[in-house]
Each structure stands twice: as C-alpha cells, then as structure tokens.
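Take a look at the structure below.
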Amino acid sequence: MKAKKIHKKRRDLINLVLMIGVIILLNLIASYVFKRFDLTTEKRYTLSPVTKQLLKGLDEPVFFKVYLDGDFPAGFVRLKNETKEMLNEFRAYSPNIEYEFINPTADKDPKQQKALFKQLYEKGIEPTNLETNDEGGVKQQYVFPGALVFYKGKELPVQLLKTQKGLGPEEQLNGSIEALEYELSNVIRKLKTEIKPKIAFIHGQAEADTVHTSDIAKALSEYYRIDYRIINGNMRVLMDTLSHDTSFIPRYKAIIIAGPDSAFTEKDKFLIDQYIMYGGKVLWLVSPVSAPLDSLKRNAYTLALPKQLQLEDLLFKYGVRINPNILLDMQCAQIPINVSIKQGDPKFQLVPFVYFPLIGPSPTDKHPIVKNLDLIEFKFASSIDTIAARGIKKTILLHSSRYTRTSNTPTRVSTTIARMRPDERQFRNAYEPVAVLLEGAFESNYKDRVSTAIRMSKRIGFRDKGKDTKMIVVSDGSILSNDFQHGQVVPLGFDLYMNQLFGNKNFILNCMNYLCDDSGLISVRAREITLRLLDKKKVKNEELKWKLINTTVPIGLILFFGICRFYLRKKKYSA
C-alpha cells in the first residue's frame, strides 16, 4: 500500500514537471513565432498588411495623447474602448507605440479648461457639443474626440469622430470605428514621411488662383510638396529625363487641373497626354459650363454658356464625356432670397437653390475615396457619361440624388426658381454621375495622329500606349475653391449662408491620396464593421424578462453544478 502511494506521488511529480516543461517550451516557441487570432466575423482586430509594414518600420516611439477620457455617453465610451483596442493592436506589432488617455475636463478651474479647449481647437481637434439630461436639467458638455500624435519632434492632430449628415448617431459612430485603423495609420505615415511626393496645380487657362485654393493647398501640404506650373508648350514642366538614358519619367506624382476657363492649346494637350502615358495621374476638375456667380448675385440671373476648353477629345479617348448641361437637384444648398413685397424693407430668407446640388455617397458606395464621406457642395455641376475604352476600369464615385433633371446650355439661370416649389415630376433624371474614377493603361489621344518624325524622335519619346495609371474626372471646378472674406480664408466646404461645413476638403484629399498612394493605405478606408443594433422596442417590452434571466440563470447554474459535484464526491468517498 505504501509502495503504491509512493508510485502515485512519483507519477504526479513527473506529470507536473512535464507540464511545466511544455509550458516553458510553448513560451519559447511563442517568443519567436508571432500569431494573433481574430474570431470576429468582420476581422475587426486584424490589421491590414500595409499597416503592419508601416508599424514595423518605426524606429522611434510614436506617442498618442487621446482626449477621450471622462464621463461620456455610451457611444463615446465605445469609441474610447475601440480606440484603445486599436492602439493595443498597433502595439502588438510595434513596441514603439505609446499612448495616454486624457480627460480634458479634469481640471475644474473654468479658466484652465477654457485655455486647454482653445489650445486643442487651435491644434486641429474639433470639439463636439453634447446635450445630456441631468438631474438639474439639460447639461452641456464639450467632448474632444481626437488625439495629438508625436514622432521625432513633430506633432499632428487626428480626428477620431467622423460626422456624416443624414446618418444617426449610431451609424456615425460605426463609421468612425470603421475608419480608426486608417486614421491612426495615416497620421503615422504623415509623421514618418521625410521626403514628400511632388504634385502640381496646372495654371495658364484661368484656373482657380492661389488665393481660392489656399485652404486645400494647406491640407495637401501635409502629404505633398506643391508647385504651381504653367505648361506653355514646355515638355520639361511635366517630365524629367533619367540621367543614365533618354527615358522619361513624370516630374510630379499627380497634377490637378482645377476649373480651367479658357481653351487648352493642342501642344499643351499633347504634353498632358504624354505625361499620362508615362504613368502620371490627373485630377480633372472641369466645369464645361460658364455661369458667372457675380452676375447672379447682382442681377438675380445669369446666362449659362458652354465653355470652349478643347478637352472633349482628350477625355473622350480616356473614357468619359462631360456634357455641356447643368444639373438641377432637389437635394441642394440654400441661398438668401429677398422675400419681401415690392418697395418694402428687404427681408432675406434662405431657400433651396437647385443649381447648387449637395452630393454624397449612398450607403452602398464602398469605394475608399467616398466611403463615410459627408455631403459635398457643388455649384453648376454637369452630368458625365462613361464611354467605351478598352482596358479601362470605370467607377462612379459620386452621383446626384434620385430627384434630378438637366438643363442643356445655353440657358438662363435665375434665382426666381428658388421662390417656386419644385415639382418632383420634372426631376426624373435620377442618379446622374458627377465624378468618375478611371484606372488602367490608357491609349494616347494622338495615336496615329502624329507625324513619323514626332513618333520616332527620342527627344520627344512619344508613347501611343500608356503605363497603368489612374485619373479622376469631376464635372465641377469650384468644389476645391474656398471663399475669401474680410481678408481671411474661409475653410473649403464652408457655406457662409448656411453656416455649415461640407465634405469638399475630405473628398479632394481622398482623391489625391488614392491617386498617389502606392502603398495602398487608403484601401483600409473600405473596412466594414457590421452595425448590430438592439431592437429598442423589444428591449423595452422584454426588459424585466431579460433582467431576471441574466441574474437568476447564472446563479442557478452555479448552484446546480455545485450540488452535482457535492453528491458525486459524497458517492465516491463514502464507498
């Protein structure tokens, strides 16, 4: 009997030693083999390969000061927790990720709070004003759903809450959580980039000037070095020659043609075409119709006339046609109209103006350029048709609303239409495209159209078939033009009449980042997280039942297993 007990103890000791050895071995293997398991349906905690590569390339700490701590409503608590989860996921791939959550209202001194709020706002973190029901009534609370990020002595803000008009709080919150990986990765990329790619605004055809593009230029300068160039028939403006041979490369990662108002020469068109053939990217913001706003404001009417830009053949060859018409959309911005009777005191009232459509992506639009994007304010936009072009992939990025109609030019545009109630039966041209992405190897507009001397010239380096590249065509050149008032630049997309900020700036930034992003980081914006909302009516009706289930069932199970274990032990040892 004694020998049996000794044998049992020895066996238990051996099993313990083996178990400890297996645990040590598994830990040693785990220290060399890194693997994480994501069991969620949407793989919400699985970082993209682009993000992982970015994090592994960090050679110094990146510090996040996240101003999402404090007594928040449940939605902001969820955003805080998801942000922390994402930063922890970042930290799993890079030890150089550090973060701190800060409560901006922790200091109860009103002066100190106000100073901090002002500092955060000036650094680019937009506050959100919440109204919550308190015992003493309605309570006003400022929340700063953003972070300041530091790397190698540089500092940048990142906004974590993404608002989108027309969506409820839960949908906006879900969109913000979907965008977390992209927003956090993007700010690291901006801080990490030492040599920024070069882009250029093309001038020479009365395009939007530097004053009215100053706000978007400032935003783009976080990613790119910006030039303003006039082509004027000079090939060297857009192309560089490699030092070791006579091959050409684009001088700029992308060019922006923003609202030209006069005709392009054939030579300039040829040089833009060849820039594209060598892999250059273009953001075309082209209004085919001229409708002077000054005349509209002064006389309450203006004439909309087709422009002679001479770009029709070029764009047609690449796969699109911008029609010389004007879109009228019942989803539109508002303008002030004098509604007083004649000879009375002026009385201005904001009324919808169907010539200024508000265009945004539909919930089914998943392309990273427009996903979760806010409404964009257009002015005198035109419809776009896609044309057959071999090997070119066409993606409609933006289209008008269901209630749209077009007016062919020339036509008279008057504010009188704002006084009348639109008839829905007249707005039957639903979902007219206004922004199109083209991707592929384009064929030159000058194929079989140039002389043998030009085709064979090594100095010109003519190509009739291009490299794979991208371009975006938008039928309104005004969407990147900011206003200028009282000597101050008005933020791009801010409507002075409606006192509302639209998504123009984010759209342009997304377009340029998509065109110029070789890493594919912007594709992370297409991440989807399914919103699983509770049925509020069912929750209310069955509240007591589920409270009882959640409190009694766990206790009952514990008691049941405890009693079973008691009787099993009693039966085993009583024998």
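The values are calculated or read from the model by the stated rules, or taken from the named source; none is laboratory data. Please read all numbers here as calculations on a predicted model, not as lab measurements. Here the Cβ is made from the backbone with ideal geometry for all residues, glycine too, and neighbour counts use every protein chain on show.
Some points to look at:
- Selected residue (criterion: farthest from residue 54 (Cα to Cα)) from residues of segment 496-548 that are assigned to a loop (DSSP other than H, G, I, E, B) and at pLDDT 80 or above: 497
- Among residues that are in a loop (DSSP other than H, G, I, E, B), β-branched (Val, Ile, Thr) and free of Cβ contacts under 8 Å to residues at least 60 places away in the same chain, residue 364 is included.
- The set of residues in segment 372-394 being out of contact with any Lys or Arg (no Cβ under 7 Å at 6 or more places or on another chain) and either surrounded by fewer than 17 Cβ atoms within 10 Å (Cβ to Cβ) or without any contact (Cβ under 8 Å) to a residue 40 or more places away in the chain (or both) consists of 388, 390, 391, 393.
- Pick from segment 88-132, criterion part of a strand (DSSP E or B) and among the hydrophobic types (A, V, I, L, M, F, W, C), ranking: farthest from residue 73 (Cα to Cα): 97
- Counted residues, segment 323-357 - those being modelled with pLDDT of 85 or more and either assigned to a loop (DSSP other than H, G, I, E, B) or in contact with a helix residue (DSSP H, G or I) (Cβ under 6 Å, 6 or more places away or on another chain) (or both): 6
- Of all positions in segment 171-181, none carries a residue that is without any contact (Cβ under 8 Å) to a residue 60 or more places away in the chain and of a type in the set (Val, Ile, Thr).
- Options 118, 154: the member that is closer than 18 Å to residue 188 by Cα, over 19 Å from the mean Cα position of the chain (by Cα) and at pLDDT 85 or above: 154
- Test result for residue 261, in a loop (DSSP other than H, G, I, E, B), of a type outside the set (Gly, Ala, Ser) and free of Cβ contacts under 8 Å to residues at least 12 places away in the same chain: no
- Being in contact (Cβ under 8 Å) with a residue 12 or more places away in the chain, touching a Phe, Trp or Tyr at 6+ places or on another chain (Cβ under 7 Å) and not in a strand (DSSP E or B) is not true of residue 164.
- Test: residue in segment 314-322 that is among the hydroxyl-bearing types (Ser, Thr, Tyr) and modelled with pLDDT under 95: no
- Of the set (1) at pLDDT below 90; (2) farther than 23 Å from residue 306 by Cβ, all apply to residue 417 but (2).
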